Amino acid sequence: MAQGKRISVDIGSDALQSIKDMGAAAKLARTKAGEGQAAAAAKLGVHVQTIARIESGEPGVAIGHVIGMLALYGIATKLQPPEDGQPGS
């Protein structure tokens, strides 16, 4: 991760993969909409580098920006708690 905030704890490979998957979904939706990163950045009110960081799956991007970009292109997100109800399971 070249820029942005560093994550100081090990969040696990499943969480990191989810972040990458969200970024890939955001990029696919943006390109299907025929928009460039600059257009997405203007609509979301962020710098174009933030869009690039979201799409690359960088874990240091603010969650509001990630969810905002997904919502911008019609992708809903839903929290799925662990089956046993215990955090970190």
Task: Yes/no for Thr77 being hydroxyl-bearing (Ser, Thr, Tyr) and open to solvent by 60 Å² or more (accessible area, probe 1.4 Å) - done: yes
- [ ] Please report, ordered by residue number, the helices (runs of 4 or more DSSP H) entirely within region 10-89 with at least 3 residues that are of a type outside the set (A, V, I, L, M, F, W, C) and under 9 Å from the mean Cα position of the chain (by Cα).
- [x] 13-32, 63-72
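Identify, from the list Pro59, Pro82, Pro87, the residue that is open to solvent by 60 Å² or more (accessible area, probe 1.4 Å) and at pLDDT below 95. Give the steps one after another, and end with the answer.
Details: Pro59 fails: open to solvent by 60 Å² or more (accessible area, probe 1.4 Å); Pro82 fails: open to solvent by 60 Å² or more (accessible area, probe 1.4 Å).
Just one listed residue meets the conditions, Pro87.
The values are calculated or read from the model by the stated rules, or taken from the named source; none is laboratory data. In this text the structure is predicted, and so the values were computed from the model without any measurement. Surface areas here come from the heavy atoms of the whole protein model, side chains and all, with no ligands, DNA or RNA. Shrake-Rupley method; radii C 1.70, N 1.55, O 1.52, S 1.80 Å.
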